[in-house]
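One structure below.
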């Protein structure tokens with residue numbers, strides 16, 4: 001009688017195999033999809049970083065706390081060219097764009113990225129322009145070690 005009960009219990013679950021039900025879940029397709037997604041994200045993640053190639057100075061300070069609003073990014077390359085959100089821009093146009101931003105949200109955070117080969121004076125000129133536009137929350141971005 002014990003043999004008859006085992007046969008009945010084993011046949012009551014899952015998918016059918018030769019007239020009996022199986023209780024196993026096939027996870028192979030799920031694992032395949034997850035591995036493909038992992039590879040896609042590993043390839044695309046480095047492409048989502050800033051598009052302007054600059055050599056940031058090294059710093060051993062702790063990172064600043066992040067805020068909810070997306071910060072404005074301004075980059076100065078080694079030749080002193082300005083980039084506003086990865087698009088090259090003149091200083092006059094930059095000032096105009098920053099004034100519009102300051103009118104909408106005066107507490108807007110500005111991230112300033114400057115190449116370490118750039119003279120200190122050029123970075124200060126851009127910081128003064130940011131301040132003249134009405135924005136005072138400026139963070140200098142550097143490489144962390």
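Quick note: the coordinates plus some simple rules give every number you see, no bench work behind them. Note that the coordinates shown come from a computational prediction; the quantities given were computed from them, not determined experimentally. Neighbour counts run over all protein chains shown; Cβ positions are idealised from the backbone, glycine included.
The residue list 86, 131 contains one member that is touching a strand residue (DSSP E or B) at 6+ places or on another chain (Cβ under 9 Å) and without any contact (Cβ under 8 Å) to a residue 24 or more places away in the chain, which is 131. Residue 134 satisfies every condition listed in (1) over 18 Å from residue 83 (Cβ atoms); (2) touching a helix residue (DSSP H, G or I) at 6+ places or on another chain (Cβ under 7 Å); (3) buried (at least 18 other Cβ atoms within 10 Å of the Cβ) except (3).
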